[in-house]
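The values are calculated or read from the model by the stated rules, or taken from the named source; none is laboratory data. A quick note: this is a predicted structure, and the numbers were derived from the prediction, not measured. Backbone-built Cβ (ideal geometry, glycine too); neighbour counts: all protein chains shown.
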Amino acid sequence: MSRAAVVRQPVCVEPGVGVTKRAAAGGGTAGAREAARRAVVDVVATIDEKHWPLVAVAIHTGLRRSEQFHLRWENVDFNTGIITIPRSKHGEARRLPMNDTVREILRTRPSRLKSPYVSPSETGETPIDGQNFMNRVFLKALEEAKIENLRWHDLRHTFASRLVMAAVDLRTV
């Protein structure tokens, strides 16, 4: 499978509460879902190839922004297919499985053998600053796609909604 095929696969989105596209007609739950789907598709189209993997990992793992941008390679186990967050928001370790998409994206990251961080800064000594990424890449893409009210955290909600739609029990989600 080519890198482009892995990086740009289609994504399913959350039913889209609060996400609006300025020009979207919408209306009702089905309209809100469709507007949200179009919004994420539009964001995907405006984010460049270099930065798209960060968005895709968020959509496919449900990681919090701070967890994702501080993720270290020592916490990614390709043998077991598990990502470990050593200290989650609640202070405990959390483990989550990688799907094939995440596994392939992470395997092809340029930082894999060069930095302790999955998403390193230019020097490789520190992780990318999550807020800087938001301002420089993500919010710019939202603006270009004319999307309002979509936050990085909504990608986490997208992941959870996809699990629920796939009949994963709520306790697991």
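Brief remarks on what is shown
- Any hit, segment 75-86, residues being in contact (Cβ under 8 Å) with a residue 40 or more places away in the chain and more than 23 Å from ALA45 (Cα to Cα): yes
- Helices (runs of 4 or more DSSP H) wholly inside segment 83-171 containing at least 3 residues that are modelled with pLDDT of 90 or more and of a type outside the set (Phe, Trp, Tyr): 100-107, 130-133
- Residue match in segment 120-127 (condition: more than 21 Å from THR46 (Cβ to Cβ), surrounded by 14 or more Cβ atoms within 10 Å (Cβ to Cβ) and in contact with a Gly (Cβ under 7 Å, 6 or more places away or on another chain)): no
- Test for GLU49: is it at pLDDT below 85, within 19 Å of ILE128 (Cα to Cα) and among the acidic types (Asp, Glu): yes
- Hey, THR29 β-branched (Val, Ile, Thr), part of a loop (DSSP other than H, G, I, E, B), modelled with pLDDT under 90 and over 19 Å from the mean Cα position of the chain (by Cα) or not: no
- Residues that are outside any loop (DSSP other than H, G, I, E, B), surrounded by fewer than 20 Cβ atoms within 10 Å (Cβ to Cβ) and not small (Gly, Ala, Ser) within segment 59-75 comprise ARG65, ARG72, TRP73, GLU74, ASN75, listed in sequence order.
- Checking SER119, SER88 one by one, the residue that is of a type in the set (Ser, Thr, Tyr) and within 16 Å of the chain's Cα centre (by Cα) is SER119 and no other.
- Scanning segment 87-96 for residues that are surrounded by fewer than 13 Cβ atoms within 10 Å (Cβ to Cβ) and either closer than 18 Å to TYR117 by Cβ or among the polar types (S, T, N, Q) (or both) turns up just one, ARG87.
- Which listed residue is under 27 Å from GLU143 (Cα atoms), out of contact with any Cys (no Cβ under 6 Å at 6 or more places or on another chain) and among the basic types (Lys, Arg), from ARG95, ARG103, ARG112, ARG65: ARG65
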